[in-house]
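A.B. asks: Below is a structure I'd like to ask you about.
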Amino acid sequence: MAEYFAMGGYADFVWPAYGITALVTLGLIVWSVRAHRAVKARIATLEANNGTARP
Amino acid sequence: MAKSLQRFANPARFMALSGAVLPWAAAATALTLSVGLYLALVASPPDYQQGETVRMMYVHVPSAWLASAGYASMALACAVGLIWRHPLAFASAKAMAPLGAAFTFLALVTGSLWGKPMWGAYWVWDARLTSVLVLFFIYLGYIALWEVIEDFGRAARATSVFCLAGAVNLPVIRFSVDWWNTLHQPASVARLDGPAIHSSILTPLLVMALGFTLLLLVLTLFRTRTEIMERRAASLEMQQAQAGMTVRAQNG
């Protein structure tokens, strides 16, 4: 197991490469989901306003 | 053909279709990436020359492919938007830009991590590396241009022209390894005489590339939906502001 994580002496390069890739892709997903939820909430508020504002 | 494309380009239809496709596409992406990671990190052997460092290729090469392919799709969407004046095309290009920029960033960072043990340096001002760095800045310029122009129509046209002009960098990236004496190795998969890579290494690479491509597609669809909803929110806000003004005008 330790030998596997050592990556033939290249652990310092291999693992950071995978780490940054995971971080950036997960970050993109979280960021995109948050933006989607925010605009959904904005539309819900605006539509509720529309209902009350119009006679 | 044009008619069916136009039907697809209707925002309401797009929302319905993409909403139906997204859960399945997301599941396929997760599955492909899991298999890809297993092949890349566990099942594949070390390279006979590069040893374990070859595992960096499975994240570096797909990122780099998508950096360019993402830009090419964006440029295509911009061209479609400019020619047929369709907001959906502009919205999808806008949705794709941060994704392409992120993959370009990953290609640069993972390449740098791979360069250190193989070439002895994290960075060299080699034609391939430099042209990809330029691509990264073009992405950032495109994103920044969307931010500074407030009106959607004007921003869409300006950013699209910018995007199409930036596309001249794509062939420079592709052929940089042939045109100049670069430290970066030439193409070994997309070659006229077929891939020059052993299948034990080619298979994980292609699975990872498929996974990355699916991820880009899924996030593009999802973010295009968000963008369409942003437009709807903006028009609702405009309506309410105008309604407010008429009410004030009548009362006054």
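The values are calculated or read from the model by the stated rules, or taken from the named source; none is laboratory data. Just so it is clear, the structure is predicted and the values come from calculations on it, not from any experiment. When we count neighbours, we look across all protein chains shown, and the Cβ atoms used for this are built from the backbone with ideal geometry, even at glycine.
A.B. asks: Which count do you get for residues in region B:21-60 that are within 21 Å of B:Leu106 (Cβ to Cβ), in a helix (DSSP H, G or I), within 12 Å of chain A (Cβ to nearest Cβ) and not charged (D, E, K, R)?
C.D. replies: 15
A.B. asks: Restricting the search to region B:116-132, which residues are free of Cβ contacts under 8 Å to residues at least 40 places away in the same chain and in contact with a Phe, Trp or Tyr (Cβ under 9 Å, 6 or more places away or on another chain)?
C.D. replies: B:Lys116 - this is the single residue of region B:116-132 that is free of Cβ contacts under 8 Å to residues at least 40 places away in the same chain and in contact with a Phe, Trp or Tyr (Cβ under 9 Å, 6 or more places away or on another chain).
A.B. asks: Going residue by residue through region A:42-51, is there one that turns out to be hydroxyl-bearing (Ser, Thr, Tyr) and more than 7 Å from chain B (Cβ to nearest Cβ)?
C.D. replies: yes
A.B. asks: If you don't mind, another one. How many residues, within region B:175-203, are within 23 Å of B:Asp47 (Cα to Cα) and either modelled with pLDDT of 95 or more or in a loop (DSSP other than H, G, I, E, B) (or both)?
C.D. replies: Within region B:175-203, residues that are within 23 Å of B:Asp47 (Cα to Cα) and either modelled with pLDDT of 95 or more or in a loop (DSSP other than H, G, I, E, B) (or both) number 16.
A.B. asks: Assess whether B:Leu135 counts as being surrounded by 14 or more Cβ atoms within 10 Å (Cβ to Cβ) and more than 14 Å from chain A (Cβ to nearest Cβ).
C.D. replies: yes
A.B. asks: Scan region B:179-198 and give yes if some residue there is more than 14 Å from chain A (Cβ to nearest Cβ) and touching a strand residue (DSSP E or B) at 6+ places or on another chain (Cβ under 9 Å), otherwise no.
C.D. replies: Checked against the condition, which is being more than 14 Å from chain A (Cβ to nearest Cβ) and touching a strand residue (DSSP E or B) at 6+ places or on another chain (Cβ under 9 Å), region B:179-198 yields at least one hit.
A.B. asks: If you don't mind, another one. Considering only region B:120-127, I want to know if a residue exists there that is surrounded by fewer than 22 Cβ atoms within 10 Å (Cβ to Cβ), assigned to a helix (DSSP H, G or I) and modelled with pLDDT under 95.
C.D. replies: Checked region B:120-127: at least one residue is surrounded by fewer than 22 Cβ atoms within 10 Å (Cβ to Cβ), assigned to a helix (DSSP H, G or I) and modelled with pLDDT under 95.
A.B. asks: Oh, and also: Collect the residues in region B:90-119 that are facing another protein chain (nearest Cβ under 9 Å) and charged (D, E, K, R), keeping them in residue-number order.
C.D. replies: Passing the criteria: only B:Lys116.
A.B. asks: Restricting attention to region B:81-88, does a residue exist that is assigned to a helix (DSSP H, G or I), within 14 Å of the chain's Cα centre (by Cα) and crowded, with 21+ Cβ neighbours inside 10 Å?
C.D. replies: No; the residues of region B:81-88 include none that is assigned to a helix (DSSP H, G or I), within 14 Å of the chain's Cα centre (by Cα) and crowded, with 21+ Cβ neighbours inside 10 Å.
A.B. asks: Take the residues of region B:206-221 that are out of contact with any helix residue (DSSP H, G or I) (no Cβ under 6 Å at 6 or more places or on another chain) and touching a residue at least 60 places away in the same chain (Cβ under 8 Å): which is nearest to B:Pro45 (Cα to Cα)?
C.D. replies: B:Thr213
A.B. asks: Continuing with this model, one more query. Quick one: is B:Thr226 touching a residue at least 60 places away in the same chain (Cβ under 8 Å), polar (S, T, N, Q), part of a helix (DSSP H, G or I) and within 19 Å of B:Asn10 (Cβ to Cβ)?
C.D. replies: yes
A.B. asks: If we scan region B:230-239, do we find a residue that is in contact (Cβ under 8 Å) with a residue 60 or more places away in the chain and basic (Lys, Arg)?
C.D. replies: Scanning region B:230-239, I find at least one residue that is in contact (Cβ under 8 Å) with a residue 60 or more places away in the chain and basic (Lys, Arg), so the answer is yes.
A.B. asks: Within region A:1-28, can you find the residues that are closer than 23 Å to B:Thr104 by Cβ and at the interface with chain B (Cβ under 7 Å from one of its Cβ atoms)?
C.D. replies: Answer for region A:1-28, where residues must be closer than 23 Å to B:Thr104 by Cβ and at the interface with chain B (Cβ under 7 Å from one of its Cβ atoms): A:Phe13, A:Val14, A:Pro16, A:Ala17, A:Tyr18, A:Ile20, A:Thr21, A:Val24, A:Thr25, A:Leu28.
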